[in-house]
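See structure below.
The values are calculated or read from the model by the stated rules, or taken from the named source; none is laboratory data. All values derive from a computational prediction rather than experimental measurement. As a convention, Cβ positions derive from the backbone with ideal geometry for all residues, glycine included, and neighbour counts pool all protein chains shown.
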Amino acid sequence: MHISEGVLSAPVLITGAALTATAVGFGLKKMDYDRIPQVAILSSVFFVASLIHIPIGPASTHLIMNGLTGLLLGLSAFPAILVGLILQAILFQFGGITTLGINTFNMAFPALICFYLFRNGIRHKNPVVISVCAFGSGFTAVFLSSIFVAASLIFSEESFINIAKLVVIAHLPVMIIEGIFTASCIGFLKKVRPEIIGG
């Protein structure tokens, strides 16, 4: 779901960069030094999951794992996702340098929303509630990211409206896959490392 260079308008790029810079600053300030390895691992998961992508006009579809990243990191998802996107832009030319801000915001802000929506659910004692909330986080994060990417395209140029619709529709299977994967990961962590989830 990377947006390529030269596609978005300057106001959208500047707004995305400003919002991301602010959120990354808060995320770094709130991050415990003990959690740096966890942030690094989830940044790596995001990086690897996004490597295999299918182009859709100026964007692309691929696994994101921002729902899982958001659930486990909260506000620290912003620096984690930013690092992953920087490496992808430099090493593989996915996205771009000028679009780093808006691409990071489009991936990390839904992760943060899911943290606040579902964090209490995954700390529940009932495994069904945990699975439903974890699935909801994976599904919702990709859904919101696709909406944000579509909005970024439409706000840049109204002629992108058909591509924006395609971005959302093309990610429907990804939403389901990510929901299942996130539920599996959270269920596994609940058994072997419950302290990571908390509660």
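Against the condition within 14 Å of residue 100 (Cα to Cα), surrounded by fewer than 19 Cβ atoms within 10 Å (Cβ to Cβ) and at pLDDT 85 or above, how does residue 20 come out, does it pass?
On the way: within 14 Å of residue 100 (Cα to Cα): yes; surrounded by fewer than 19 Cβ atoms within 10 Å (Cβ to Cβ): no; at pLDDT 85 or above: yes.
Spelling it out, it is not the case that residue 20 is within 14 Å of residue 100 (Cα to Cα), surrounded by fewer than 19 Cβ atoms within 10 Å (Cβ to Cβ) and at pLDDT 85 or above.
Quick one: residue 106 ticks every box in (1) more than 22 Å from residue 8 (Cα to Cα); (2) in contact with a Phe, Trp or Tyr (Cβ under 8 Å, 6 or more places away or on another chain); (3) crowded, with 22+ Cβ neighbours inside 10 Å bar one, so which box is it?
Looking at each condition in turn, residue 106 falls short on (1).
Among 150, 134, 170, which is the only one that is free of Cβ contacts under 8 Å to residues at least 24 places away in the same chain and of a type in the set (A, V, I, L, M, F, W, C)? Walk me through how you get there before you give the answer.
Values: 134 fails: free of Cβ contacts under 8 Å to residues at least 24 places away in the same chain; 170 fails: free of Cβ contacts under 8 Å to residues at least 24 places away in the same chain.
Result of the check over 150, 134, 170: 150.
On the given criteria, is residue 51 assigned to a loop (DSSP other than H, G, I, E, B) and closer than 21 Å to residue 184 by Cβ?
For residue 51, the condition - assigned to a loop (DSSP other than H, G, I, E, B) and closer than 21 Å to residue 184 by Cβ - is met.
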